[in-house]
Amino acid sequence: MRRWLKEYIRYISRVFLPKGWLEWAKDRRAAPEISPGTIWLTLLMGFSFQVGSLEELHRRGRQSFRKLLPGGQRPPSADTLGYSLKRADLGGIKQLFVAVMQKVRRSRMVGWVGNLRVVAMDGTGLYSSESRCCSQCQQVAHGGGRVEYRHEAVYCQTVGPEPRVFWGVEPVGPGEGEQTAALRLVAWLWQAFKHFADVVVVDAGYAKAKFINAVRGLGIHLVIRLKDERMHLVQDARGLYGTGEPSAHWTEKQGGYETQVKVWDEEGFQSWDGVEEPLRVVRIVEERSGRKIRGGPGQAVVEQREILVATTLSKQQSKAEAIREIIHRRWEIENSGFHEVKGNWHLEHCYVHQEVAIEAVLWLMLLAINLFWLFLYRNRRSFVGSDYSEREVAEWLRNELVFSKATFWRYFWDTS
Ligand SMILES: [Zn+2]
């Protein structure tokens, strides 16, 4: 176990959290005994430690969170946390999130793909219930009068090397589609960060013409993965590329494997209904072969996959290699990133089922995840390349708070 708690707290306080941030906290409780700042701090640290429920946070709080609070203050109970979250001032929480992320942007702590800043936008389910509901639940009717209450949200996350931080989240409201929430998120990101990315990566099932036009209207490019064979654009590209020769091909060697890459790449497709500008379609076929050795004699393996992508980036702006890298980087999030966020960070746990609390938890949790990742990937060189998992580090931190004889509140609270 490494003792990183003091370093974590110092790093996030000195580098990212704005001065006096705990004073920004507000909620609509009347004359609360425990200040909203204490609630924010408890949640932010609790989420950093990957605490899985308010009840656990209550127990851990009683056990060790006094070390994070100035003398005389006691940690909030689960009831107090829930009561405050339902009455949270979301504006203040988002203001804190934006202040931190503006520092991240200015300090260039987030990686690029080639010469592009790339983000992915995607929707995912948060949780569903048959017994609990709130004013923002999506109601799905099943057979036999059974009703399911569901929450979904659209996220914006960095694509590229770690840390793949989140830039924002928008819940999908009752009776609306993901695209409506995605359009709101784009508008919010623009308001918060202006040119928030050079490229947005999305799946075609999700990007509709209205979304594409809106993003282009802001001067941001799109890379869209095409999957649906029924789309006119896909049929057009298939017709044109057919059995013809690729526009480029090359071979890559890595780790005992050899990959043959073939690329078909043309501009000027106009067959996506409603999209205001012609698109470029890149078809990439990868064929991997090599010897996989698993304790026995080597065996030749051949894997083939096809990637079909539409983009507003011209050939001059971005080579097919770069488009391919963006898609590969996007897979990293799908294959491990979001899984990790849902599993270890409990993003799928419903801490309090009420519309304001759900959003407050989402924003504070994404902030905690971002700060934790920035610490690991930008501050702890010994983590990168080690075999430790994020879950283990979170465990070290929460255990260290229990056993440490030191107190840490001075890093957060300005009592001068
Ligand atoms: Zn609900």
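Laboratory data are not the source of any read-out in this text; all were calculated from the coordinates shown. Predicted model, so just to flag it, every value in this text is computed and none were measured. Cβ placement follows ideal geometry from the backbone for every residue including glycine, while neighbour counts extend to all protein chains displayed.
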The helix 90-106 Cα axis meets the longest alpha-carbon principal axis of the chain at an angle in degrees, between 0 and 90 and rounded to 10, of 60 degrees
With T = 25 °C, eta = 0.890 mPa s and Kirkwood Rh from C-alpha pairs, the Stokes-Einstein D of the chain in µm²/s is about 104 µm²/s
Distance in Å, no decimals, from the C-alpha centre of segment 73-131 to the one of segment 241-283 is 37 Å
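Starting from the coordinates of the alpha-carbon atoms of segment 281-416, obtain the Kirkwood hydrodynamic radius over all distinct pairs and give the value in Å to one decimal.
On the way: mean 1/r = 0.0501 Å⁻¹.
Value: 20.0 Å, from the Cα pair sum.
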Computed, not fitted: 222 nm per-residue ellipticity of the chain from DSSP H runs ≥ 4 (each -39500 (n - 2.57)), nearest 500, equal to -11000 deg cm²/dmol
Expected vector for segment 213-219, Karplus 3J(HN,Hα) from phi with 6.51, -1.76, 1.60 and θ = phi - 60°, integer Hz, x for Gly and Pro, equals 5, 5, 5, 5, x, 8, x
Relative to the chain, whose Cα atoms define the longest principal axis, helix 320-332 and its Cα axis are tilted in degrees, nearest 10, by 40 degrees
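Order of 389-396, 30-37, 119-126, 64-71 by packing, highest average Cβ count within 10 Å first?
Most protected by this proxy first, the peptides run 119-126, 64-71, 389-396, 30-37.
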Ranked output for segments 132-141, 165-174, 249-258 by mean other Cβ atoms within 10 Å, highest leading, reads 165-174, 132-141, 249-258
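Pairs to check: 210/319; 19/194; 319/342. Give those whose C-alpha atoms are more than 31 Å from each other in this structure.
Numbers: 210/319 26 Å; 19/194 23 Å; 319/342 34 Å.
Check vs 31 Å cut-off fails for 319/342.
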Rounded to the nearest 10, the angle in degrees between the Cα long axis of helix 390-403 and the longest principal axis of the Cα atoms of the chain comes to 10 degrees
Taking every C-alpha to C-alpha distance in segment 222-319 and binning by 10 Å from 0, the per-bin percentages run 14, 40, 26, 14, 6, 1
Here, segment 85-229 modelled as identical Cα point scatterers in vacuum has Debye log10 I(q)/I(0) at q = 0.10, 0.16, 0.21 Å⁻¹ of -0.40, -0.94, -1.35
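Please report, to one decimal in angstroms, the Kirkwood hydrodynamic radius of segment 98-178 built from all distinct Cα-Cα pairs.
Values: mean 1/r = 0.0668 Å⁻¹.
Computed over Cα pairs of segment 98-178, the Kirkwood hydrodynamic radius comes out at 15.0 Å.
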Looks like segment 168-298, by Cα gyration tensor root eigenvalues a ≥ b ≥ c and the a/c under 1.5 rounded cutoff (else prolate when a/b is bigger than b/c, oblate otherwise), is prolate
Sorted largest first, the Cα spans of segment 236-283 on the principal axes come out in Å as 46, 21, 12
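Taking the Cα centre of the chain as the origin, how large is its charge dipole in debye, to the nearest 20, when only Lys and Arg (+1) and Asp and Glu (-1) carry charge on their Cβ atoms?
Numbers: 58 positive and 48 negative charges, 389 e Å.
Dipole of the chain, to the nearest 20 debye: 1860 debye.
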Residue 176 neighbourhood, Cβ < 12 Å, K/R = +1, D/E = -1, net charge -2
